[in-house]
Amino acid sequence: MKNGIKKAIYPGTFDPVTNGHLSLMERACHLFDELVVAVSTNATKAPLFDFEDRLKMVNVAVKNETFACKITVIGFDGLLAELAKKEKAVAIIRGLRALTDFEFEFQMALMNRKIARDVETVFLMPSLSWVYLSSTLVKDVARNGGDVSELVPAHVLDFFTRKLKSKKKK
């Protein structure tokens, strides 16, 4: 904690950023003075959107909203716990939608604690209106021609339109 400022990191693939993600950012800002939204390259997943597009989507989403804390968007590759130490964060924010999320998140929180003992993991739930929402679900709906306009920030629809058109051409 620098100068009494409490900083947290909210990591994710954000493929794409959804209104559920924005809800968690809003909730985290009520607890912390600064929030670092860390967009992972995540080599273990096969994202629909490339890393640069995901960074752009999150940056625009953050700029288009008003939050109660300072938010910085960065990209990262590597261990989250090491990033938390480097950023001098006191907490890692993780979203929980349902009980099925908990086991994986709990294991990850314990490993992060092993690596970065001074960094806590804080589990937050999104607003009730977004508790069912995941990036995977949004992608599935969009790929199958469904309307995702109420599930994602408006600018993300443009990314979907371009991406899905380019996939159809292939």
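Restricting the search to region 5-46, which residues are at pLDDT below 95 and aliphatic (A, V, I, L, M)?
Once the filter is applied, which keeps residues that are at pLDDT below 95 and aliphatic (A, V, I, L, M), region 5-46 yields ILE5, ALA43, ALA46.
Tell me which of these VAL60 doesn't satisfy, since it passes every other one: (1) closer than 18 Å to SER134 by Cβ; (2) open to solvent by 50 Å² or more (accessible area, probe 1.4 Å); (3) touching a residue at least 40 places away in the same chain (Cβ under 8 Å); (4) in a helix (DSSP H, G or I).
With (1) closer than 18 Å to SER134 by Cβ; (2) open to solvent by 50 Å² or more (accessible area, probe 1.4 Å); (3) touching a residue at least 40 places away in the same chain (Cβ under 8 Å); (4) in a helix (DSSP H, G or I) applied to VAL60, the lone miss is (1).
I'd like the full set of residues that are over 19 Å from ASN112 (Cβ atoms), in contact with a helix residue (DSSP H, G or I) (Cβ under 9 Å, 6 or more places away or on another chain), assigned to a loop (DSSP other than H, G, I, E, B) and not charged (D, E, K, R), limited to region 15-48.
Scanning region 15-48 gives PRO16, VAL17, THR18, PRO47, LEU48.
Scan region 31-57 for residues that are closer than 24 Å to GLU150 by Cα, open to solvent by 30 Å² or more (accessible area, probe 1.4 Å) and not hydrophobic (A, V, I, L, M, F, W, C) and report the count.
Going through region 31-57 one residue at a time, the tally reaches 5.
Given the conditions (1) under 30 Å from GLY4 (Cβ atoms); (2) of a type outside the set (S, T, N, Q); (3) modelled with pLDDT of 90 or more, which single one is not true for VAL152?
Evaluating VAL152 over (1) under 30 Å from GLY4 (Cβ atoms); (2) of a type outside the set (S, T, N, Q); (3) modelled with pLDDT of 90 or more leaves (1) as the failure.
Are any of the residues in region 64-76 surrounded by fewer than 16 Cβ atoms within 10 Å (Cβ to Cβ), in contact with a Cys (Cβ under 7 Å, 6 or more places away or on another chain), under 19 Å from PHE14 (Cα atoms) and aromatic (Phe, Trp, Tyr)?
Yes, some residue in region 64-76 is surrounded by fewer than 16 Cβ atoms within 10 Å (Cβ to Cβ), in contact with a Cys (Cβ under 7 Å, 6 or more places away or on another chain), under 19 Å from PHE14 (Cα atoms) and aromatic (Phe, Trp, Tyr).
I need every pair where a residue in region 69-84 that is of a type in the set (Asp, Glu) has its Cβ under 9 Å from the Cβ of a residue that is not in a helix (DSSP H, G or I), sequence separation at least 6 or different chains.
As it stands, the answer is ASP77/SER40; ASP77/THR41; ASP77/ASN42; ASP77/ALA43; GLU82/ALA116, since those pairs meet every condition given.
The values are calculated or read from the model by the stated rules, or taken from the named source; none is laboratory data. Computed from a predicted model, the values in this text were never measured in an experiment. Note that we place each Cβ from the backbone using ideal geometry, even for glycine, and neighbour counts take in every protein chain shown. Keep in mind that these areas ignore ligands, DNA and RNA; they rest on the heavy atoms of the full protein, side chains included. Shrake-Rupley method; radii C 1.70, N 1.55, O 1.52, S 1.80 Å.
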